[in-house]
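The values are calculated or read from the model by the stated rules, or taken from the named source; none is laboratory data. Just so it is clear, the model here is predicted, and its values are computed rather than measured. Counting neighbours? That spans all protein chains shown, and the Cβs are built from the backbone with ideal geometry, glycine included. Accessible surface areas use protein heavy atoms only, side chains included; no ligands, DNA or RNA. Shrake-Rupley method; radii C 1.70, N 1.55, O 1.52, S 1.80 Å.
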Amino acid sequence: MGGLLDKIQTTGDIKKMKKEELELLCKELRWFLLQNVCNTGGHLASNLGVVELTVALEYIFNLPEDKIVWDVGHQAYIHKILTGRKDAFSTLRQLDGLSGFPKPQESEADAFAAGHSSTSISAALGIAKARDLQGKKNNVLAVIGDGSMTGGLAYEALNNAGREKTNLIVILNDNQMSIDHNVGALSKHLNSLRTSNRYRTLKDNFKQFRDQVPLLGKATYLVLEKVRDSAKLLFLEGAVFEEFGFKYIGPVDGHNLEELIEIFQNVKDTREPILIHVKTTKGKGYLPAEKNPGPFHGVGPFDIKTGKGLGKSDSPSWSAVFGKKMVELGEKNPNVVGITAAMCSGTGFEAFQAAFPERFIDVAIAEQHGTTFAAGMASQGIVPVFAVYSSFLQRAYDQVIHDVCMENLHVVFAIDRAGIVGADGETHQGVFDLSFLTHIPNMTVLSPKNAWELEAMLEYAVNVCEGPVAIRYPRGTADTDFPEHKQPIQFAKAEVIQKGKGIAVLVEGHMLQAAKQAVALLTEDGVEPPMLVNMRFISPLDEELLKEIASKCSQIFTVEDNLRKGGFGSKVLEFYSDAGYQISVTNLAFPDRFIEQGSQSQLFARYGLDREGIYRRMKEKTGDNYGR
Ligand SMILES: Cc1ncc(C[n+]2csc(CCOP(=O)(O)OP(=O)(O)O)c2C)c(N)n1
C-alpha cells in the first residue's frame, strides 16, 4: 500500500489533504480494509459502503471537537483508520487488540461507545444538549443505518430532537439492508424517497442559491432555509422526518464525494436538526460483497480472490440445529410461529421462513416490540418462538417481565449467542441472561449440554411447557458429546452424568464438556471420582437433587458461561444458604465485569473456564483433602 494512506497518522491528518486526492484515498482505504478484514474477520460490507461518507465527514468536520456518533458502530472501521489507528488495524477484534466498535477509551475521536443498534440519535442529542448547556459550539452528528432506523429508540430520539432547535445532524445511511434485507413500512418509505429526484432538485436549488448568495459558507443557515422551503413546496411533503421537525436533505449519492463534501460544508454549524438521507451500496467496491451483502455483513477470515470463508467448520452450529428442529416443530404444530428481530440468518431461521412464510415474522431491529408482539400472539393460543441473541434480549427486559411473565404467557425464547461470543467483545457477550432471567417469576430457563438436548428442549418448550420458557445456547459449533446421555426432559430435573461423592460438579449447558475433562484430570490425580451433573434447568433448580448432593458431598463446584453475580452458581449458593446448609460452594463463572473481546477459547482460558482452568481451581480448593 502506500501513497496517500501513509500520510494519515492521526486524527485530522485527512483535513490536510487536497480535495482532489480524496478519490484515490478512498480506493486505498478500500484495499487496506479488505487486506486486513480478510485476516481478522469483521463487518466488511457495512464498512465498504461508508468509505466516501466517512472520508467526506472527516474532511469537513473537526474531530475530536465535533462529535460523530456511529450507530451500532460496526461501520466505524474507516473512521478508526482515519483517526490514528491504522497501524494497529491488524489487531482488530483480536484479544487485547482494537475493538470492532467505537470505544472512547481507545480514542478521543470516538465520541460514544456502541455495539447495539438505534442508540446514536439519543446519544448525539444528549451530547448536543450538554454542549448547549456548556456554551460550546461544536457540531454533533449521528450516523445511523436504515436497518438501525427500524429500532424504536431511534423514534423516541427523533421525537425529542425535533423540538430542540439545536445543532444536530443525522446522517441516514440507507443501503436498503439491515443484516438481511431491511423490512417494514419505514423501509418502503425510504425506498420511495430513494427513487424520487428530490435531491437533484435540491442540488439545483443549492446551485441557484449559491449564485444568488455569494457568501454561502457564512450564510449557510439562511440558504438552507430557502432551499428547504422552496424544495418543500415542490417535493418534500410526506418525508416522515420533516414531520418530526427535522429538515430533510436527500436522497444524496453516498459514493459521490463531491456532493457529500458540498452538503456537509453547507450543513456544518447548523442551528436546527437536519437529517441527510444518503444512499449507499453495502459492500461497495468488492464484488462478492456487493453481490451478496448479507453474508458479508459479518465475516470470518476469507480469501480475497474468491470471497470464500477460510477454516469454517462442517459441523452444524447451535443456530443451525435450532433452525432445523424448528422446521420439524412447525410441520407438526400449525400454531408454532417464528419471530426474529432482524437476525433471520444469524439465528438459523431461514429454512423455517422458507417453509412457513406466513408463520414467520421479522419485526426488524425491535426486540422490545418482538417480545410484546409474541406475548400478544401467545395470549390468543399461538406458540411464538422468538429467536434472539442474548445481548439483544437485554433491551426487552421490561417486556419479558411485564408482558410475558406477569401474564404467564407461553412464549418460547430461543436465546442464541448466550455466553461468551468472542471477537465482538463487551457489547455482545451474552453473559447476563442467566442473571436477568432466572429470578423472574414464572420463567423457566433451560440450558442444553449438546445438539441433541437443544432439540429435546425445544420440543419440550413448544409442546409441553405452558408458561414462558427460555433456552440459552452459545455461539459456534454445537457439541455432540455425551451421545449416551439422552434422558427425557422433565420439569426441574437435572441429569446425572457421573455418580460420585465428596465433590459435586454442577454444570450449566455446554460447559459440561470442559467440566468433564477437568473432572477426569482430577480423578487421574487420585481424587475419588466426583459427581458430575448436567443441570438442564437453571430455573427452577432441581432442588431435590441439590439436597441429595448436600448429603453426600462437602465440596460443590458450579460451572457456567455467564457472569457470576446472579448467575447459575449464585442461585445454587442462595438455595443452600436459604435452606440452612453448611456446604462449600465455589462458583466458576466469568468475573463480575465487562468481558473483553478475544476468541471464545482464549477467553475461557483467560478466565479459568477451560479444562485446565476448571481443574486448577478445583484442585486449589480441594487441596490436601482430596489429593493423592
Ligand atoms: C439491539 C440490536 N439488535 C440487533 C443487532 C444486530 N445488528 C447489528 S448491525 C445490524 C443491521 C444494521 O443495519 P444498518 O443499520 O442498516 O447498517 P448496515 O450494516 O446495513 O450499514 C443488526 C441487526 C444489534 N447490533 N443491536
TODO: Just grab the label-to-label distance for Lys619 and Asn159, each label 7 Å out from Cα along the Cβ direction, in nm (one decimal).
DONE: 5.9
- [ ] Would you pull out the residues with amide H under 5 Å of Ala387's amide H, same chain only if 5 or more places away, H placed 1.01 Å from N?
- [x] Ile339, Ala414
Task: Volume per residue that the Cα convex hull of the range 495-625 spans, once the total is divided by residue count, Å³ - done: 100
- [ ] Can you spot the aspartates and glutamates whose alpha carbon is less than 15 Å from Lys312's alpha carbon? Ignore those fewer than 8 places along the same chain.
- [x] Asp303
Task: Integer Hz, Karplus 6.51/-1.76/1.60 couplings in order for the range 293-304, x for Gly and Pro - done: x, x, x, 8, 4, x, 10, x, x, 8, 8, 4
Open item on the list: Run the numbers for Ala130 and Lys312: contour at 0.36 nm per residue of separation, minus the present Cα-Cα distance, in nm.
Closed with: 60.8 nm
- [ ] Enumerate the amide H contacts of Ser317 below 5 Å, restricted to partners 5 or more residues apart or on another chain; note that Pro and chain-start residues carry no placed amide H.
- [x] Ala478
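Compute the FRET efficiency between Lys499 and His439 as 1/(1 + (r/R0)^6), taking r as their Cβ-Cβ distance and R0 = 45 Å, and round to the nearest 0.05. Before the final figure, lay out the partial values.
Working: r = 31 Å, r/R0 = 0.68.
Approximately 0.90, to the nearest 0.05.
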Task: Distance histogram in 10 Å bins (all Cα pairs of the chain, percent per bin) - done: 3, 16, 24, 23, 17, 10, 5, 2, 0, 0
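Please give the per residue accessible area of the chain, computed with a probe of 1.4 Å over protein heavy atoms only, in Å².
Numbers: 24680 Å² over 628 residues.
So the chain comes to 39 Å² accessible per residue, rounded to a whole number.
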- [ ] Please give, to one decimal in nm, the separation of the simple spin-label points placed at Phe491 and Leu95, each 7 Å out from Cα toward the Cβ.
- [x] 4.4
Task: In sequence order, calculated HN-Hα J values of the range 456-473 (Karplus, 6.51, -1.76, 1.60; Hz; x Gly/Pro) - done: 5, 5, 5, 4, 4, 5, 7, 9, 10, 5, 10, x, x, 9, 10, 10, 10, 9
TODO: Please give every one of the lysines within straight-line cross-link reach of Lys7, meaning a C-alpha to C-alpha distance under 25 Å, and leave out same-chain neighbours fewer than 8 residues apart.
DONE: Lys15, Lys16, Lys18, Lys19, Lys27, Lys67, Lys80, Lys86, Lys103, Lys284
Task: Principal axis dimensions, the range 46-138 - Cα atoms, whole angstrom, descending - done: 40, 26, 22
- [ ] Name the long-range amide H neighbours of Lys247: under 5 Å, sequence gap of 5 or more, or other chain; modelled H, no Pro or chain starts.
- [x] Ile274, Leu275
Task: Distance violations [Cα-Cα > 31 Å] among Lys516/Lys565; Lys247/Lys282; Lys268/Lys305; Lys308/Lys565; Lys324/Lys619 - done: Lys268/Lys305; Lys308/Lys565; Lys324/Lys619
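R0 = 30 Å: FRET efficiency of Glu258 with Thr10, Cβ-based, nearest 0.05? Can you show the working numbers first?
Numbers: r = 26 Å, r/R0 = 0.85.
Efficiency computed from Cβ-Cβ geometry: 0.70.
So between Glu108 and Glu548, what do we pick up on full extension, going 0.36 nm a residue minus the alpha carbon distance? Before the final figure, lay out the partial values.
Values: separation 440, 0.36 × 440 = 158.40 nm, distance 5.58 nm.
Here the answer is 152.8 nm.
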Open item on the list: From Cα pairs below 8 angstrom and at least 6 apart in sequence, can you work out the relative contact order of the range 495-625, rounded to a whole percent?
Closed with: 27
Task: Length gained when the stretch Lys19-Trp31 is fully extended (0.36 nm per residue, less Cα-Cα span) - done: 2.3 nm
Open item on the list: Counting only protein heavy atoms and a 1.4 Å probe, tell me what percentage of the range 318-472's accessible area is made up of carbon and sulfur.
Closed with: 53
